[in-house]
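Engineer: Submitted below is the structure of interest, expressed as structure tokens.
The values are calculated or read from the model by the stated rules, or taken from the named source; none is laboratory data. Since the model is a prediction, treat every value here as computed from it, not as a measurement. Backbone-built Cβ (ideal geometry, glycine too); neighbour counts: all protein chains shown.
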Amino acid sequence: MEDNSHVGENPPTNRQVGLAASTFLCMAKYAYHRSTNTAIPSGDWTAGSSEAALASIVFSWIALECFINEVPEYIASTPGLKVAEELRTFASTLQHADEYHSSTALKYQIGYALLSGTCYEKGAQPYKDFDLLRRIRNALMHYKADVLDFAEGSDETAPKGLVEKLYSRSLLEHNEARGPMSLVNRLGRPMIAAFAHNAALNMIKSLIQAMPKCDMTEVLSFSWKDWIELTMKPS
């Protein structure tokens, strides 16, 4: 973050904008640990379950969407803080993008370009993991019934599409990527939940770190300080 002398102070207002993205990321982390914890008393169906891992994945994506939607409003509306001109442009542009129902991926690309002067490289981190998380999210949110073929020699024994991508990234074991199994069961893995959490965190971190130095950036950096220093390691 560079020093910026073009800084103005937000005027007083009766509005107050709450920030919830970190709460959703906390929920993702909690759900991930539930998915790995088989020591929870019997009768709790979430212990060590694929359902908890799936919940963690969904909460990670919600945190991403929440951050890119709420931060522009927070920047534009929070009174008494000095805000760099680049952040004002960032906030107003993304508010317009939201009015036109732009995708979450496009909002992150626009936001990062405004702050850094360049777009995310699609084949490089953190966008590479973000894009895979987007594909996982779409597979879950737009789920279609799986048709499984148990016949010997069936094409179902070969990983395809998203499953092949997860296998190539070592997010699925060999026996999890091959053979007839529903996509939901394949995705409900603690390792994929940890991946989703870290992918969301790294995208949020990249935007905060690209912000110019001013009071507003200091507030956002402080509010995410504990998260920015955290990367979850799969158990």
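Engineer: Name the residues in the stretch 88-97 that are surrounded by 14 or more Cβ atoms within 10 Å (Cβ to Cβ), out of contact with any Leu (no Cβ under 8 Å at 6 or more places or on another chain) and not small (Gly, Ala, Ser), would you?
Structural biologist: Scanning the stretch 88-97 gives Arg88, Leu94, Gln95.
Engineer: Among the candidates Ile57, Ile62, Ile40, which residue alone is at pLDDT 90 or above, more than 16 Å from Asn185 (Cβ to Cβ) and not polar (S, T, N, Q)?
Structural biologist: Ile62
Engineer: Another question about this same structure. Residue by residue through the stretch 27-36, note down the ones that are at pLDDT 90 or above and either in contact with a Leu (Cβ under 6 Å, 6 or more places away or on another chain) or not hydroxyl-bearing (Ser, Thr, Tyr) (or both).
Structural biologist: Met27, Ala28, Lys29, Ala31
Engineer: State whether the residues of the stretch 111-119 include one that is of a type outside the set (A, V, I, L, M, F, W, C), closer than 30 Å to Met191 by Cα, at pLDDT below 95 and out of contact with any Pro (no Cβ under 9 Å at 6 or more places or on another chain).
Structural biologist: No, there is no match, as no residue in the stretch 111-119 is of a type outside the set (A, V, I, L, M, F, W, C), closer than 30 Å to Met191 by Cα, at pLDDT below 95 and out of contact with any Pro (no Cβ under 9 Å at 6 or more places or on another chain).
Engineer: Still on this structure, I have one more. Mind checking which residues of the stretch 99-137 are among the hydroxyl-bearing types (Ser, Thr, Tyr) and either crowded, with 19+ Cβ neighbours inside 10 Å or more than 14 Å from the chain's Cα centre (by Cα) (or both)?
Structural biologist: Passing the criteria: Tyr100, Ser102, Tyr108, Tyr112, Ser116, Thr118, Tyr120, Tyr127.
Engineer: Filter the stretch 188-225 for residues that are modelled with pLDDT under 90 and within 20 Å of Ala139 (Cβ to Cβ) and give the result.
Structural biologist: none
Engineer: A further question follows. Exactly one of (1) of a type outside the set (Asp, Glu); (2) under 26 Å from Ile68 (Cα atoms); (3) modelled with pLDDT of 65 or more is unmet by Tyr167. Its number?
Structural biologist: Tyr167 satisfies all of (1) of a type outside the set (Asp, Glu); (2) under 26 Å from Ile68 (Cα atoms); (3) modelled with pLDDT of 65 or more except (2).
Engineer: Could you say which residue among Leu140, Leu133, Leu87, Leu64 is touching a residue at least 40 places away in the same chain (Cβ under 8 Å) and touching a Cys at 6+ places or on another chain (Cβ under 9 Å)? I'd like the intermediate steps shown before the answer.
Structural biologist: Numbers: Leu140 fails: touching a Cys at 6+ places or on another chain (Cβ under 9 Å); Leu133 fails: touching a Cys at 6+ places or on another chain (Cβ under 9 Å); Leu64 fails: touching a Cys at 6+ places or on another chain (Cβ under 9 Å).
Testing whether each residue is touching a residue at least 40 places away in the same chain (Cβ under 8 Å) and touching a Cys at 6+ places or on another chain (Cβ under 9 Å) leaves just Leu87.
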